[in-house]
Structures are given as structure tokens and as C-alpha cells.
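Encoded as C-alpha cells, the structure appears first; notes follow it.
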């Protein structure tokens, strides 16, 4: 186990060194500084790690694909830079967002060039694999944009169905995990069946992770959770929990819920307590956990059915993803 | 001559049909309608036409590359959609800009997915040519972003040098014409030397076209010019004309120029007349024409040195670009 752990640390260190050493461009500085800035804010680097581990399950020299793996992280951070403008978000990982630190125009244009640089990094693969990989990447990138637009649309809608919500989070966050895994497998020359299964595994656990996010926002242990518990409730965010509660609340419960998520302003603590109480009465926590578990079970069954030559990388990937399943913050 | 003209009309018609028939995606509509909208606003389609004619100089079946040629137009319109947000522009080709008709978030996100779709269209080429074409496209796309950032930087600077200005317009507008031409040549299997010359030809005439734009904005025939003459003067836009005037104006002239481009508000007509008079005194028109002609001469000399099998397409491309050189609006 400790050997596996070291492997992950070694991979992450190699990846981090590669990211720090990469030059996106130099002039004009207003265009390239924000890219270095957002990439330096850290994060778990989970997406490129998935690519590298997926590759390592079939082929040993993961150092060969550090640049294309990094493309996935650069693309992810491009979406964050643009989403933060759209969501008017002041902070990203505890630091000022690019549009706050510079301005919206800079965040638009730096983001654009980030997307171009991600494509540049994708070119650093076996040319024979370029058409298939770019096709998958383009499809993924378009779906991520579609998911973001659906998410913005949902904000203005009274009612969002459970299916529509699941499909939105699939597009906005899960398909990129699926791509990250399939991409690594393709680059390693894995069997097509395995590559597709890894995509499905990524999408399923990705949906599960987002449901877990929704759940933790309300039910996390205050001591362990990094941010304010109940943030989604305060902002009336249409999470899986609220969508199910609106669907299932009847009579007095429904009136109470409508009261708290109406336009009036409330004491934040009071609102979080009141809405959480309604969730508890309806059993929203168990419902969400059940749905989340369905996706995790489906995903890990797909993962278990792979035919992988390098068991150590397989075990490491399993542990990494299970840690994410079990995280408490 | 009339046969050539018909050829261009036929090519443009084929291109237009292809553009109209292309589906960028359907759901969510908020994401894809703005793409159809901006692509339907027309324009001369000069960039994909350059790609198709460049191809046709070396190979006959230009219909085979309508999709990759369209990628150049989609990329160009993506930059327009995002530039219009940054420039706070209300109108594009006489119609409301996307961020005005919808909103800035939609223009950001639709633009993002447009860029992804452009890459999708680029995939529709011989896979052997994909690495080289994508590398050139990425470099071009990054330079276009760099040019836009320089342009925005210039707005806040007191003094911009002639060289810095020429380099900005090279990046912002000329390299894409160069890419459009080189791309067509590469797809047709033209000799590498010719492909590179076509890139240089495009860049040189592209810089010339922008200098012509700057010139027409002040010296166009009011009857023939589509928009208000003197718009750049009114907005103190740092065109080649103003940059040279600021460089060359001395004594009283300099004071007068500084007066008119200071922060005070003036009658527009009066300001245009006064600044034009200063330009006339310094001989800015002749200076700009000379600089412009240098780029055109260099470009057309490169074009003349090509070794082209299909003379009809060569003559058509020559006529098309010369018409742009001689345009009066």
C-alpha cells in the first residue's frame, strides 16, 4: 500500500514539475500571466492524474504523456476561468478569480488562448491517435459548454427534473473525467473495450462525485468541511437535494419550503437550519445517497471488468477514486 | 475574365450552401442559436474563399475541403463574437451583436463552443496532414489573441510605435489570412515552398488591407463609403494615421493635435475636419499609402513567384485580392 502511495506522489510530483516548467507564452504579459496564475492555484490535479494512471495500467512510461495529460488540466482551468466570469465568482480556491484580479476582458481572452494551448498540448501524441483523440476531446469540450449553459438556464427555471439535473452534471463535470480516463487508455494502446469502459467509469463516478458535493454542502461535518455548510441552501442553488425536496414535499412542508426559497431575505443560519429540517423530514439525505451509490456501483463494476496488465496502477487508480468517494470535505 | 468571375460565384455559392447546411448542435438552443446568428450575418467570406482558391491553384476538387475551409470562417466569427464583448460593440454588420441580443455570458460560452466546432471542422482533412495543419492553426489562433490583447493595451498607452502597431495588426488580422492561404495549399499537396510563400503573401496583403482600412476611415469618398467617415478620429483610435501624426507633428501642429485628441468633448464634424487638416499638413495620406504599398508590393511579388499548375484559380485569386487592394469602402 505504501508503495502505491509513493507512486501517486511520484506521478503527482512529475506532473507538477511539468506544469510549473511549461511556458504558455510570454507577450503580451496580460494574456499569459492569468494562465500561469490560475494554473498555480493548485487543486488536486485529479483529471491529469486519471489520464496518467489510466495510461499506467496498460503501459509503463507515463512520463511520455505528461504534456497531453496536462492538456486536460489546462482545459479544465480554462472552463473555470470563463465560468467564474459567468457566475460572477469573486474567489477560486481561496484566491481572487482572474476577472477580479485583472478584468473580465482579460479573463475572456486569456481563457481563449488557454483553450488553444490545450489543443497544442494534445498534439504531443502519436499522430496516428490524433484524429480519434481530438474527436473525443471536441465532443467532451462541447458537452462541458452545453452543461454550463444548462446550469445557467436552470437558475432561471422554476422546476428542474431529476433527469435533467443528472444530465446537466454529467455534461458539466462528469464527461471530462470520462475523457481523462479514456484518453490515457487510448494513448497506452489499451483495448477499445477497456477504453470505453473507462470512459463510462469516469462518467458514472463523476456524477456520483457531484451528488456527493451536493450532499456534503448540507450534511458535511462542520469541523472537517472547508467552507460554510449550507452555502447551496443560502443561495437557493438547484442541487439534487433541493430538486428532490421540491418534487416530494407536500402540504405544509411544501409551503414551508416555498417560503424559505422565496425571494425574501432571511437570517442565513436560520434558513439553513429550517431547510435542512425539511430535507430531514422528507429523507433527502438517504435518497441522495442511494442515487449516488447507484452511480458509484455502476462505475466500479465497469472498472472491475477491465483487463489490466499493470495491477499496481489499477490498484492505485482504485484507491484514488475510492478516496474521492469517501471524502468528507 | 467572365469565366473566372463565374468560378468565384460558384465557389462562394457552394461555400454558402455548406455554411447554411451545417449543424453546430441543437441543445441547449441558447448555446447554438447565437452561432447560427453570427454566421448568418454574412460578410465577404474572404478567409474560406482564400483557402478554397489557394487549394484550387493546385488541385481541382475544392468541394472536398468545404468543411475545413469553413473552419477558418467559424474561427474568425468566434473572434468577432468575443472581441465585440471586449469592445462593448453594439452592432456587427448592421445587426445587434450577440452580447447585445442575448447577453455577455451567452456570447462567452457560444464563442467557446464555436472555437471547439472550428477544431471539429479542421478534423475533416487527410489525417496525415492533421499534425502540421493543427500546429499552424494553433499558432495562428494564439497570435490572433495576442494581437487583440496588444490592441486593448494600446488603448491605454500614450504612445505606440509604428513597429508595434504594424506587429499588432499583423497578429490581429493578417496572420489569419496567411493561415487561410497556406492551409488550402497544404491540403492540396502544394510544394512546401509555395505554401510558405502563400502564408507570407497573406500576411503582407493583410497588413496592407488594415492600413487601407485606416486610410479609408479618414479619406474615403463619403458617397461610396458605407459608414461615417472619420469614425476613428472621433474615437481617438490609435490607427497608423494618428500614430504617424503624433510622431511627426511639431510645435503648433502638435499642440493642435493634442488639443483635439485630449479628453474634452467636441463637435464631431469639427473634430474630424480639424484632425484631417493636420493629417493633410503633415502628409499622412501619402505616408500611409507608401507604407501600405510596400506591403502590397512585397506580397504580390511573393504571389508572382509561385509555381502554380491551375492558372485559372491563380488569376481568380489575383483578381480577388487586387479588388480588395483597390476597394473604396
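The values are calculated or read from the model by the stated rules, or taken from the named source; none is laboratory data. Quick caveat, the model's predicted, so the values are computed rather than measured. Quick reminder, even Gly has a Cβ in these numbers, built from the backbone with ideal geometry, and neighbours come from all protein chains shown.
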Practice item. Give the stretch A:75-96 a look and list any residue that's out of contact with any strand residue (DSSP E or B) (no Cβ under 9 Å at 6 or more places or on another chain), over 14 Å from residue A:42 (Cβ atoms), in a loop (DSSP other than H, G, I, E, B) and more than 10 Å from chain B (Cβ to nearest Cβ), or say none. Key: A:89
Exercise for review: Would you be able to tell me the number of residues in the stretch B:121-144 that are crowded, with 20+ Cβ neighbours inside 10 Å, in a helix (DSSP H, G or I) and in contact (Cβ under 8 Å) with a residue 24 or more places away in the chain?
Suggested key: 8
Check your understanding: Has the stretch B:35-57 got any residue that is within 14 Å of another protein chain (Cβ to nearest Cβ) and outside any loop (DSSP other than H, G, I, E, B)?
Key -> yes
Check your understanding: Quick one: in the stretch B:121-138, which of the residues that are more than 21 Å from residue B:21 (Cβ to Cβ) and at the interface with chain A (Cβ under 7 Å from one of its Cβ atoms) is nearest to the chain's Cα centre (by Cα)?
Key -> B:138
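Here is a yes/no grid of residues against (1) touching a residue at least 24 places away in the same chain (Cβ under 8 Å); (2) within 21 Å of residue A:205 (Cα to Cα); (3) crowded, with 21+ Cβ neighbours inside 10 Å; (4) touching a helix residue (DSSP H, G or I) at 6+ places or on another chain (Cβ under 6 Å):
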residue	(1), (2), (3), (4)
A:7	yes, no, no, yes
A:11	yes, no, yes, yes
A:16	yes, no, no, no
A:28	no, no, no, yes
A:41	yes, no, no, no
A:44	no, yes, no, no
A:63	yes, no, no, no
A:68	yes, no, yes, yes
A:82	yes, no, yes, yes
Review point. Which condition does residue B:237 not pass, out of (1) free of Cβ contacts under 8 Å to residues at least 24 places away in the same chain; (2) over 26 Å from the mean Cα position of the chain (by Cα); (3) surrounded by 14 or more Cβ atoms within 10 Å (Cβ to Cβ), if it passes all the others?
Key: (2)
Review point. Which condition number in (1) over 15 Å from residue B:28 (Cβ atoms); (2) more than 8 Å from chain A (Cβ to nearest Cβ); (3) surrounded by fewer than 19 Cβ atoms within 10 Å (Cβ to Cβ) is the one that residue B:102 fails?
Key: (1)
Review point. So which residues in the stretch A:97-120 are more than 30 Å from residue B:136 (Cα to Cα) and in a helix (DSSP H, G or I)?
Key: A:100, A:101
Review point. Does residue B:290 satisfy the criteria of being at negative phi and out of contact with any helix residue (DSSP H, G or I) (no Cβ under 9 Å at 6 or more places or on another chain)?
Key: yes
Check your understanding: Hey, among B:178, B:147, which residue is within 17 Å of the chain's Cα centre (by Cα), over 24 Å from residue B:286 (Cβ atoms) and within 13 Å of chain A (Cβ to nearest Cβ)?
Key -> B:147
Practice item. Test residue B:118 against the criterion of being buried (at least 21 other Cβ atoms within 10 Å of the Cβ), under 20 Å from the mean Cα position of the chain (by Cα) and at the interface with chain A (Cβ under 8 Å from one of its Cβ atoms), and give yes or no. Key: no
Review point. Which condition number in (1) facing another protein chain (nearest Cβ under 7 Å); (2) closer than 26 Å to residue A:34 by Cβ is the one that residue A:153 fails?
Key: (2)
Exercise for review: Give me a count of the residues in the stretch A:185-220 that are modelled with pLDDT of 95 or more and outside any helix (DSSP H, G or I).
Suggested key: 4
Check your understanding: Quick one: is residue A:328 within 25 Å of the chain's Cα centre (by Cα), within 26 Å of residue A:151 (Cα to Cα) and at pLDDT below 95?
Key -> yes
Revision key, fill the gap. Over the stretch A:150-167, the set of residues within 17 Å of the chain's Cα centre (by Cα) and within 21 Å of residue A:248 (Cα to Cα) is A:165, A:166, A:167
Practice item. Have a look at B:223, B:182, B:252 and point out the one that is assigned to a helix (DSSP H, G or I) and at pLDDT below 95. Key: B:252
Review point. Mind checking whether some residue in the stretch A:159-170 is away from every other protein chain (no Cβ under 14 Å) and closer than 20 Å to residue A:321 by Cβ?
Key: yes
